[in-house]
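Quick notes on the structure that follows.
The values are calculated or read from the model by the stated rules, or taken from the named source; none is laboratory data. Remember, predicted model here, so these are calculated numbers, not experimental data. Here the Cβ positions follow ideal geometry from the backbone for every residue, glycine too, while neighbour counts run over all protein chains shown. Ligands, DNA and RNA are excluded from the accessible area calculation, which covers all protein heavy atoms including side chains. Shrake-Rupley method; radii C 1.70, N 1.55, O 1.52, S 1.80 Å.
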Amino acid sequence: METENGRFSGRQLRVIVACFLAYFCAYIGRLNMSATLGHVIEAMKVDETLGGTLQTVFAIVYASGQFIFGAMVDRVRPRILLSVGLIGSALCNLAFSFSGAFGLMIAMWALNGLFQSMLWTPIVRTLAENFEGRKRMKASFVMSFTLACGHIAAWGLSSLLSMYVGWRNAYRIPAAILFTACVGTNLILPGDAGNAIGAAKAASKSTVGGKMSIAGMLQTGLVLLFVGCVANGFIRDGVTTWAPTIIGGKKSLFSLIIPVINMVGILIGATAVRRFKGGTRVLFGSMMAACLLPALVLTVSGSSVLLTATFLGVMSAILYGSNTLITTIIPMEYTDCGRVGLVAGLVDALIYVGSALAGTLTGWLHETTGVWTSVYLIWAAVAIVGAAGSILSARGAKKLSK
């Protein structure tokens, strides 16, 4: 509940710390693939298209898991899903590090996608049930920093481990971190008792006729919004997965510019939400459209490592600055109709449909054309389509306020 002085209560602080710890560490056991993909491709003697399959299978399984656990999260204690997800992801990272066959690596990374898909929807539900009003917005943006911090930690740690002690250790160390995160999250996260906001919402739902139907949900602009979700995932994870490879070799540490710039993007996103009067979905679409500029600049960046890393960072910052809008704030629009978990799962699932396309399609484009310019032009086109879908979805969102 909100305190009179506008600060988080002790319980709320524990909720934020626990959720932040869990998802920050989740990124370390997920984005280590991006930082080590070039090393894995070289060690296993596969081409870029096949190498990109690792990201694709992860994304496909992750997206499918979001459908399942998004529907399940309203019936299962969030603590259970968080614990199983963190431990399972740790075991998959550990098994991946000992794999000697590329087929087994694909299987382990696909299974990692399943366990990682258990983590976000219980966090969204936990935030929705422990915060309201401005506190909910503040908590959401605190959580958005897990993306940038997780990128810095995952890329920095994995790049250094790969360079100095071998890429396999870039999966063993994250496995230990995920095990530790599971213990820490369970120690910090408060018990289920005393959740006045959650109880009030449950009572409210029982008096107004229960949950919104699936058909009713789709009439609130979700289908068009899903176009923006796919576009966001395609560009965002295209940058995330391939930036170290685009920049190349030992210069891959320049890719750390990207998550640093992401921090600025998240701060700009938080400011924009407070000041933008056109609605959350219109703002999200506008930020998607803004990706067009860095994509076009990248087509003429040439061989400049610094320029390439900077504008990859600008594009990534725009997308991550808008990430909280699409993955947290928009799903929370459906809290009162009992569908926050399902919508959060669907949104995240569609983002990873885009991510799945980014893994293999990006590798295939570069392998076929021999230049990254073709990839940048595809990103520009996808940004326009995603922006249009997101902005047009705002009309349907008006039905939620009726």
Once all protein chains are kept in place, Arg79 shows an accessible area at probe 1.4 Å, nearest 10 Å², of 50 Å²
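Excluding ligands, DNA and RNA, what is the solvent-accessible area per residue of the chain at a probe of 1.4 Å, expressed in Å²?
Details: 15310 Å² over 402 residues.
About 38 Å² of surface per residue is accessible.
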Which Cα, out of Ala154, Met263, Leu50, lies furthest along the positive dipole direction of the chain (beta carbon charges, K/R +1, D/E -1)?
Met263
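In the neighborhood of Gly184, defined by Cβ-to-Cβ distances under 14 Å, what is the net charge if each Lys or Arg adds +1 and each Asp or Glu adds -1?
Spelling it out: positives minus negatives among the neighbours equals +2.
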Cβ-derived FRET efficiency at R0 25 Å, Arg14 paired with Lys211, nearest 0.05:
0.30
In deg cm²/dmol, rounded to 500, what helix-only [θ] at 222 nm does the chain give when every DSSP H run of at least 4 residues adds -39500 (n - 2.57) and the total is split over its residues?
-25000 deg cm²/dmol
If His151, His39, His366 are ordered by their accessible area, calculated over protein heavy atoms with a 1.4 Å probe, which sequence runs from highest to lowest?
His39, His366, His151
Sorted by chain and then number, the residues having a modelled amide H within less than 5 Å of the amide H of Gly166, at least 5 places away or on another chain, are none
Taking only the alpha carbons of the range 1-118, the radius of gyration and the largest Cα-Cα distance, Dmax, both in angstrom, are 17.4, 61
Read phi for every residue in the range 365-370 and hand back ³J(HN,Hα) as whole Hz from Karplus 6.51 cos²θ - 1.76 cosθ + 1.60, θ = phi - 60°, with x for Gly and Pro.
4, 5, 5, 6, 8, x
Ratio to report: Rg/Rh of the chain, with Cα atoms as the point set and Rh obtained by the Kirkwood method; give two decimals.
0.96
Placing +1 on each Lys and Arg Cβ and -1 on each Asp and Glu Cβ in the chain, then taking the dipole about the Cα centre, the residue among Pro331, Met212, Thr241 whose Cα reaches farthest towards the positive end is Met212
Would you kindly give the portion of the calculated P(r) for the range 299-402 that falls above 22 Å, as a percent of all Cα pairs?
44 percent
The extension gain from Val223 to Thr271, computed as 0.36 nm times the residue separation minus the Cα-Cα distance, is 14.5 nm
Any chance you could look up the accessible area of Leu13 with a 1.4 Å probe, heavy atoms only, rounded to 10 Å²?
90 Å²
Would you mind working out the magnitude of the charge dipole of the chain relative to its Cα centre, with +1 at each Lys and Arg C-beta and -1 at each Asp and Glu C-beta, to the nearest 20 Debye?
1080 debye
Provide, for the chain, the number of lysine pairs with alpha carbons under 24 Å apart, each pair being eight or more places apart or on different chains.
23
Residue by residue, what Karplus-based ³J(HN,Hα) values in Hz, rounded to whole numbers, does the range 155-169 have, using 6.51, -1.76 and 1.60 with θ = phi - 60° and x for Gly and Pro?
5, x, 5, 5, 5, 5, 4, 5, 6, 10, 10, x, 5, 5, 6
3J(HN,Hα) from dihedral phi, the range 61-66, Karplus parametrisation 6.51/-1.76/1.60, rounded to Hz, x for glycine, proline:
5, 4, 4, 4, x, 5
With every protein chain left in place and a probe of 1.4 Å, what is the accessible surface of Thr56, to the nearest 10 Å²?
20 Å²
